[in-house]
Amino acid sequence: MLKSFGAAVLLFVGLAHSETPPGFTPEAAAHLDVIFGSKAVSPPGTSLTKADTQKQPSIGTSDTILNGTYLWLMIASFTNPSAGPRRTNLHAMVTGFKSTGQKTDSGINTLATTATGPVKYVGPAPPAENPPHAHRYVELLFETNATFTVPQSYVQQTLGFDLPAFIQKTGLAPPIRGNWFNVTG
Ligand SMILES: *[C@@H]1O[C@H](CO)[C@@H](O)[C@H](O)[C@H]1NC(C)=O
Ligand SMILES: *[C@@H]1O[C@H](CO)[C@@H](O)[C@H](O)[C@H]1NC(C)=O
């Protein structure tokens, strides 16, 4: 009894320390605030609808102001019901995020950029599946320098996007912030 209680606590603590889905690589330990209109992606792993998520979200942080320049991306990670391997789809990659110096009413220090790419935001559109199957969408924030750009050839292939290979090629450090949500077709 006591033993299984301990295991449950350990499991809970383990999950609570990652802002990315279980098993997702790379992990991000700190929370990125992501807001679609009036809907915050909170807690991580929350379920949203296609309609909620068709416009690029606002992003920011509640615990501190980030003073650098950042790359933000959103990547889908899903398995087909026909039990294929897990696949990915890069839905957005946008560079040049900086603090706006503004705080929202809910206490979020917002980040913004004039860039829309190298990959312009495309909202989730998981197909209807039987049985219904949640696709997960992971949001990651990476610190860059002010002149960082992404060669177009690195992001040509959005379906099947190999994020670990991209990080290695660009020399980016692991993501500093993350969050994720589910959308079911
Ligand atoms: C960013 O700058 C502000 C003001 O100087 C400071 O309070 C804050 O801690 C800095 N943020 C980080 C992550 O260092
Ligand atoms: C910015 O980062 C890129 C990629 O990590 C690097 O190639 C470039 O030299 C850096 N620029 C400066 C000014 O540090």
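For residue 110, the stated conditions hold: it is within 16 Å of ligand 1 (Cβ to nearest atom), touching a Ser or Thr at 6+ places or on another chain (Cβ under 7 Å) and within 29 Å of residue 63 (Cβ to Cβ).
Yes/no matrix, rows are residues, columns are (1) in contact with a helix residue (DSSP H, G or I) (Cβ under 6 Å, 6 or more places away or on another chain); (2) away from ligand 1 (no atom under 16 Å from the Cβ); (3) assigned to a loop (DSSP other than H, G, I, E, B):
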site: 102; (1), (2), (3): no, no, no
site: 116; (1), (2), (3): no, yes, yes
site: 121; (1), (2), (3): no, yes, yes
site: 126; (1), (2), (3): no, yes, yes
site: 130; (1), (2), (3): no, yes, yes
site: 164; (1), (2), (3): no, yes, no
site: 172; (1), (2), (3): no, yes, yes
site: 181; (1), (2), (3): no, yes, no
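Where residues in segment 150-162 are buried (at least 16 other Cβ atoms within 10 Å of the Cβ) and outside any helix (DSSP H, G or I), which of them is farthest from ligand 2 (Cβ to nearest atom)? Among them, the one singled out is 158. Scanning segment 38-68 for residues that are under 30 Å from residue 132 (Cα atoms), of a type outside the set (A, V, I, L, M) and part of a loop (DSSP other than H, G, I, E, B) yields a total of 11.
Would you mind stating whether residue 60 is away from ligand 1 (no atom under 16 Å from the Cβ), under 29 Å from residue 165 (Cβ atoms) and of a type in the set (Gly, Ala, Ser)? No. Filtering 94, 183 for residues that are away from ligand 2 (no atom under 16 Å from the Cβ), touching a residue at least 60 places away in the same chain (Cβ under 8 Å) and among the aliphatic types (A, V, I, L, M) leaves a single hit, 183. For residue 147, the requirement of being within 16 Å of ligand 2 (Cβ to nearest atom), surrounded by fewer than 13 Cβ atoms within 10 Å (Cβ to Cβ) and farther than 26 Å from residue 62 by Cβ is met.
Cβ-Cβ contacts under 7 Å between residues 6 or more apart (or on different chains), taken from a first residue in segment 118-140 that is in contact (Cβ under 8 Å) with a residue 24 or more places away in the chain and of a type in the set (Phe, Trp, Tyr) to a second residue that is outside any strand (DSSP E or B) and surrounded by fewer than 20 Cβ atoms within 10 Å (Cβ to Cβ), are listed as 121/56.
Here residue 71 meets the list (1) closer than 19 Å to residue 136 by Cα; (2) surrounded by 15 or more Cβ atoms within 10 Å (Cβ to Cβ); (3) modelled with pLDDT of 95 or more almost entirely, failing just condition (1).
The values are calculated or read from the model by the stated rules, or taken from the named source; none is laboratory data. Source: prediction; values computed, not measured. FYI the Cβ positions are ideal-geometry reconstructions off the backbone, even for glycines, and counts take in every protein chain you see.
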